[in-house]
Amino acid sequence: MKAIVIHEYGPPDVLRYQDLPDPVPRQGEIRIRVHAATVNRVLDVSLRAGREQYRGPVLPLVPGVDCAGIVDAVGPQVSRWHVGDRVSAAGIMPLQICAEDGSGYDGPQGMMGIKRPGGFAELVAVPACAGVAIPQNLDFHRAAVVMRHVPTAWNLLTHVAELKYGETVLIMGAGGNLGSIGIQIAKNVIGAHVIAAAGSDERVMLGKKLGADHAINYTTHNIYDEVMKITGGKGVDVLYDNIANPTVLPIAFRAIGMDGRLVTAGAHAGPNVSIDFSHLYHKRITIKGRPGYTPSDLPHCLEAAAEGKVVPQIERVLPLSRAADAHRMVEAHEGQGKIVLDPTLG
């Protein structure tokens, strides 16, 4: 099979497109013929550059922390999956042999593309328990993006913030991946009142297009003043931020109302941010950080995408062989969607 392999850390050119032996699924595993894998700023680009070594990757490594495709082969003692099934996989999973449903497993776990071979390949073997069925009316490219970002946003809004129908949420970074997904979950799944915030008119327009009730350009307007106008001085129930902009977030924090919640799973523009502690205790605000997702949410995330309630933003689809170009694109700018690699294109 063809795969992207990192032999040493460095610039995008260290990504080698080369031949590797086809993986053989072990007991309790399935092999996926990959049709899509997303390119991620931290877990792919920063990892390749050598800035994520604390995560414990071992070189040489096939990167790619998610994938979507078709079951190509099944290992011994796998009955749930069959050749030809549409399947996606992402994130943390068992590293050793386990039952196909993962029951009784207490061994080491790790993320595909970091602790075990990832999705930047024509074929990848994963534990059967890590596979999630893809609805028939959802294409592979969008399914891969869903697996990467929708479960995190879903977890933050539904479980961590416990956002309720009719509450008001301020979504920061409306043009980014977690921001754009958060807008759609809050509006189309939960039924909240959504205020989207971004740093350019283009991204503000995207927030409105995705369903936000209001949108604020925090570069040209004071975000606190605008939120207070929109909410009649009440403030928002939930502030959803995965950026930690040290200039904007302190102002947005003051727009959280009584018993409000701030939730986060990212801080790439920070991580250090100053907040008003008097506002924190006077308004009885709760701050919660929680990366990752709840596994039982994964089918719901894919189904929401299949129903059109959540539409993942894809900027570009490239052949697997152009992984280095994809990394350069991610490094060059913050796009309004994911770059997806498709091994079936070459």
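The values are calculated or read from the model by the stated rules, or taken from the named source; none is laboratory data. From a predicted model like this one, the values you see are computed outputs, not experimental measurements. No Cβ is skipped: glycine too gets one built from the backbone with ideal geometry, and neighbour counts run over all protein chains shown. The area values use the complete protein model at the heavy-atom level, side chains included, leaving out ligands, DNA and RNA. Shrake-Rupley method; radii C 1.70, N 1.55, O 1.52, S 1.80 Å.
See the values below:
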quantity	calculated
Residue-level accessible surface for Thr220, protein heavy atoms, 1.4 Å, Å²	90 Å²
Normalised contact order of segment 72-158, rounded percent, pairs of Cα under 8 Å and 6 or more residues apart	30 percent
Electrostatic dipole magnitude of segment 215-292 [Cβ: Lys, Arg +1; Asp, Glu -1; Cα centre; debye, to 20]	220 debye
Percentage relative contact order, segment 50-106, counting C-alpha pairs under 8 Å, at least six apart	28 percent
Residue-by-residue Karplus 3J(HN,Hα) for segment 29-43, coefficients 6.51, -1.76, 1.60, Hz, glycine and proline x	10, 10, 10, 10, 7, 6, 10, 6, 8, 8, 9, 10, 4, 8, 6
Inverse mean reciprocal Cα-Cα distance (Kirkwood Rh) of segment 6-71, Å	13.4 Å
Ala332-Arg26 pseudo-label distance in nm [points 7 Å out on the Cα-to-Cβ vector]	4.1 nm
Largest-first principal axis extents, alpha carbons of the chain, Å	62, 40, 35
Three semi-axes of the equivalent ellipsoid, segment 46-140, Cα gyration tensor, whole Å, largest first	23, 17, 10
For segment 122-277, the spread of Cα positions along each principal axis, largest first, Å	51, 31, 31
Over segment 157-201: Rg over Rh, Cα atoms, Kirkwood Rh	0.96
Expected 222 nm ellipticity per residue - DSSP helices of 4 or more, -39500 (n - 2.57), all of the chain, to 500	-5500 deg cm²/dmol
Kirkwood Rh in Å, taken over segment 201-331 so that all alpha-carbon pairs contribute	17.4 Å
With every protein chain in place, the chain: carbon and sulfur % of accessible area (1.4 Å)	52 percent
Length-normalised contact order for the chain - Cα pairs under 8 Å, 6+ apart - percent	18 percent
